[in-house]
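A short write-up of the structure that comes next.
The values are calculated or read from the model by the stated rules, or taken from the named source; none is laboratory data. Being a predicted model, the structure only gives us computed values, none of them experimental. With ideal geometry, Cβ positions are generated from the backbone for all residues, glycine too; neighbour counts draw on all protein chains shown. Protein only, heavy atoms only, side chains kept; ligands, DNA and RNA dropped before computing areas. Shrake-Rupley method; radii C 1.70, N 1.55, O 1.52, S 1.80 Å.
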Amino acid sequence: QSQFVESGGGLVQPGGSLRLSCAASGFSLDYSQIGWFRQAPGKEREGVACISSSGATTYYADSVKGRFTISRDNAKNTAYLQMNSLTVEDTGVYYCAKDRGRTLQAMCETGPRTKYWGQGTQVTVSS
């Protein structure tokens, strides 16, 4: 079974920054679209940012445009999410997942076609 290991979360003040990492274990990310998703207390999981297999194309939820940047380094088998200007609404558990053959908008807005999720990394924005 393939796995993702998410890391980089923590407790930050509003306006702060975090950089999340998503490391693939046991498989290559070369042919996969990657997405970051988050789940806040009392809410369903939502797409945050998605990136094409080559890294040439990205998609962001309106709520994070201009603040978050998704990237990937296929040589390191890792994807990243740089989060700046964090607000309390960004609080949640952040997960990464993979997909193939879909538009990034569809992947981010409807979720990836996968049954397997990592444990995620907790992001808490609070003063």
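A few remarks follow.
- Expressed as a whole percent, the accessible area of the chain that falls on carbon and sulfur atoms is 45 (1.4 Å probe).
- Under 16 Å from residue 115, Cα to Cα: lysines that are on another chain or at least 8 residues apart: 98
- Region 41-124: trypsin sites (Lys or Arg not before Pro) falling in loop per DSSP and having at most 15 other Cβ within 10 Å: 43, 65, 67, 100, 102, 113, 115
- Rounded to the nearest 20 debye, the dipole size of region 18-112 about its Cα centre is 160 debye, using +1 on the Cβ of Lys and Arg and -1 on the Cβ of Asp and Glu.
- Viscosity 0.890 mPa s, temperature 25 °C, Stokes-Einstein D of the chain from Kirkwood C-alpha radius, µm²/s: 172
- Separation in nanometres of the label points that stand 7 Å from Cα toward Cβ, at residue 3 and residue 30: 2.4
- Gain upon complete extension [residue 89, residue 106; 0.36 nm per residue less C-alpha separation]: 3.8 nm
- Per residue solvent-accessible surface (Å²) - the chain, probe of 1.4 Å: 53
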